[in-house]
Amino acid sequence: MLVGAFSKPKVMEIVLPEKIKKNEKVDPPKIADSRTLNIILGPNDKVFWYPGKAEAGMPLQVSDFSAKGIREVLLDRNRALFKKIEQFQQDVITGKLNIKQDSLANAIKQLKKDDDTGPIVLIKFYKTAKYKNFVDIIDEMSIVGIARYILVDINWIEQGMVEAALRGQTQTAAAPLTQK
């Protein structure tokens, strides 16, 4: 007789923005370029990234899903928030703050929510990206504790940047995109 255990389903928490009413005008928030990190999921499990706004000719950094890959980049960008959380936990342990253990997780969630220094990650997909990589990058956001990230469409400048990176060169503003 063969006995096996079924794997338990895993749940990923996703917070969606509130619906905007039909005639309601909403101004987008002002975000410092230094806080934005653009991640483009590419072919062959490659992860391309750059900070700030896209500009034609801008080189992309290339990474992967290893612990020394995109995770290291995200950890570096999220370091200030981790220091706040670490200090908060130390204050609880030493008794400077009187918080019950069951409230600690909620207090840390609130710290992440109120954070105004951590990265805002814009996740984009190149035309040949795999769905598996989408799941992988969402896992990385959870592992690293990124509080703010959003899925957005890739624009034509970024498509050119990826194609140039795949060819091993930077795309110039005047150069047309060509297929080899």
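The values are calculated or read from the model by the stated rules, or taken from the named source; none is laboratory data. Worth saying up front: this structure is predicted, and the values here are computed from it rather than measured. So basically every Cβ, Gly included, is an ideal-geometry build from the backbone, and we count neighbours across all protein chains shown.
A few notes on this one:
- Summed over region 83-105, residues that are within 22 Å of residue 148 (Cα to Cα) and either hydrophobic (A, V, I, L, M, F, W, C) or surrounded by fewer than 10 Cβ atoms within 10 Å (Cβ to Cβ) (or both) total 4.
- Selection of first residues in region 141-153 that are closer than 16 Å to residue 125 by Cα and of second residues that are at pLDDT 85 or above and basic (Lys, Arg), restricted to Cβ pairs under 7 Å at least 6 apart or on distinct chains, gives the following pairs, ordered by first then second residue: 152/124; 153/124.
- Test for residue 81: is it more than 30 Å from residue 57 (Cβ to Cβ), at pLDDT below 80, touching an Asp or Glu at 6+ places or on another chain (Cβ under 7 Å) and not in a loop (DSSP other than H, G, I, E, B): yes
- Some residue of region 110-124 being assigned by TED's automatic domain parsing to the domain that holds residue 165, touching a residue at least 60 places away in the same chain (Cβ under 8 Å), assigned to a helix (DSSP H, G or I) and under 16 Å from the mean Cα position of the chain (by Cα): no
- Breaking point among (1) within 17 Å of residue 54 (Cα to Cα); (2) surrounded by fewer than 20 Cβ atoms within 10 Å (Cβ to Cβ); (3) modelled with pLDDT under 90, for residue 163: (3)
- Qualifying residue in region 45-56 (condition: hydrophobic (A, V, I, L, M, F, W, C), in a loop (DSSP other than H, G, I, E, B), modelled with pLDDT under 90 and surrounded by fewer than 13 Cβ atoms within 10 Å (Cβ to Cβ)): no
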